[in-house]
1. Restrict the check to the range A:162-181 and report whether at least one residue is under 19 Å from B:Phe102 (Cβ atoms) and assigned to a strand (DSSP E or B).
2. Under 7 Å by Cβ, and 6 or more places apart or on different chains, what pairs join a residue from the range B:147-166 that is more than 8 Å from chain A (Cβ to nearest Cβ) with one that is of a type in the set (Val, Ile, Thr) and assigned to a helix (DSSP H, G or I)?
3. So is B:Ala132 over 11 Å from the mean Cα position of the chain (by Cα) and farther than 15 Å from B:Ala62 by Cα or not?
4. Out of the residues in the range B:170-212 meeting the condition of being among the small types (Gly, Ala, Ser) and within 14 Å of chain A (Cβ to nearest Cβ), tell me which one is farthest from the chain's Cα centre (by Cα).
5. Could you give me the residue pairs with C-beta distances under 6 Å whose first residue belongs to the range B:190-201 and is under 10 Å from B:Ala65 (Cα atoms), whose second residue is modelled with pLDDT of 95 or more and among the acidic types (Asp, Glu) wherever it lies, and which are 6+ apart or on separate chains?
6. So A:Ile121 passes all but one of these: (1) assigned to a helix (DSSP H, G or I); (2) within 9 Å of another protein chain (Cβ to nearest Cβ). Which condition number does it fail?
7. Does at least one position in the range B:171-190 carry a residue that is surrounded by fewer than 24 Cβ atoms within 10 Å (Cβ to Cβ) and touching a Gly at 6+ places or on another chain (Cβ under 7 Å)?
8. Only one of A:Leu130, A:Leu160, A:Leu96 is at pLDDT below 90 and touching a Leu at 6+ places or on another chain (Cβ under 7 Å). Can you tell me which?
Number of protein chains: 2
Amino acid sequence: MDSSNSTKETGDIPIPVTSSKSSKAAPPPVVAAKAKSTTKQPLVSGWKRGLGIIDFILRICAIAAALAAATAMGTTSQQLPFFTQFFQFKADYNDLPAFTFFVIANAMAGAYLVLSLPFSILCIVRPHILGARLMLLVFDTVAVPLVTAAASAAASIVYLAHNGNSDANWVAICRQFNDFCQRVSGAVVASFITALLFVVLVAVSAVALRQK
Amino acid sequence: MDSSNSTKETGDIPIPVTSSKSSKAAPPPVVAAKAKSTTKQPLVSGWKRGLGIIDFILRICAIAAALAAATAMGTTSQQLPFFTQFFQFKADYNDLPAFTFFVIANAMAGAYLVLSLPFSILCIVRPHILGARLMLLVFDTVAVPLVTAAASAAASIVYLAHNGNSDANWVAICRQFNDFCQRVSGAVVASFITALLFVVLVAVSAVALRQK
């Protein structure tokens, strides 16, 4: 349409002027955009790569915390040195369903974190792939309440084991099973640290997604 | 404008032709963009408004669930009809720290939800304000682990009250405090429903933010 318009006007001189003008007017924005992208892209990319590396390190820490929590709770069992004719006093994580849930949830979180490492590496190598980052964000967000629920359920039982409850006539079993209680308390703390690391991971992913 | 152009072209003067050309070349993209926006804007806006209304309804439901959980737990106390000379058997939420935390966390969630209602309405009235939506998303995300932690801590105690634990020599107090246990169990269920509603609210906000 444009060319036909100019050919019609050819009766007089202006064609070369208009064509040169139009060719002159069109390119500058493109050139400007290109120059802009070439100056800004590496900066954004490097910044995103830095976030990816932070994400990776946090993930390693979270794996350590989650697996420490699961194994500390799972492997602890204390047998008291005295026993009656019918009964041997033994404390185990299997005795309390809250502790069983704790072990399962923390093991799941640890397994997910191990499986998420390749995607985290992918986000470092190719910072512009948003799909992997978004997937990590969603799963991390799901993991936060899971780990928090496990930790708080175990914490309420641990508190009860330490202090007992006179109203419900529940004795403080930690007086007998002191070693067991200490390891279990450590596991609960490790689990809360895992939950905190997940929250930080969510924040990191959100920031990385924000800057497109 | 078109008519003026044609009249000028008949005059055979080149300069106005180029100026008319540039004025002709410039507007079309703007007009096209305007036409596009006018056809697409109401659709996106209506869709966002629908999401906002869903958000508002979910928030009302969550307020009901959170306050029901807090009040059911907070107001329940059962006194057994028999008592000894020194002791009166009474069950109260104050007796167990997990239940106290439950009441506080659910009351906080309820209060936050009430305070968030104006912002939810703002998101219905002005669907394109992203700040309010983002703020709701962040606070909802924080509320999910809070409510989940409270619910699961209370749930582990309620389970213990229902079933007891023979290994730790903790008796099932629900045999005596049956009424108390039933109301407390209801409160825990309501709290888990609140947590679920928060998760749905987060998803709704995320979808609303995704479509810019």
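The values are calculated or read from the model by the stated rules, or taken from the named source; none is laboratory data. A quick note: this is a predicted structure, and the numbers were derived from the prediction, not measured. Using ideal geometry, Cβ is built from the backbone for each residue, glycine included, and neighbour counts are taken over all protein chains shown.
1. Yes, the conditions are met somewhere in the range A:162-181.
2. Sorted first by the residue in the range B:147-166, then by its partner, the pairs are B:Val147/B:Thr194; B:Val158/B:Val184; B:Val158/B:Val188.
3. Numbers: over 11 Å from the mean Cα position of the chain (by Cα): yes; farther than 15 Å from B:Ala62 by Cα: yes.
So B:Ala132 passes the test.
4. For the range B:170-212, the residue satisfying everything is B:Ala172.
5. none
6. (2)
7. yes
8. Step by step, each of A:Leu130, A:Leu160, A:Leu96 is checked, and only A:Leu130 is at pLDDT below 90 and touching a Leu at 6+ places or on another chain (Cβ under 7 Å).
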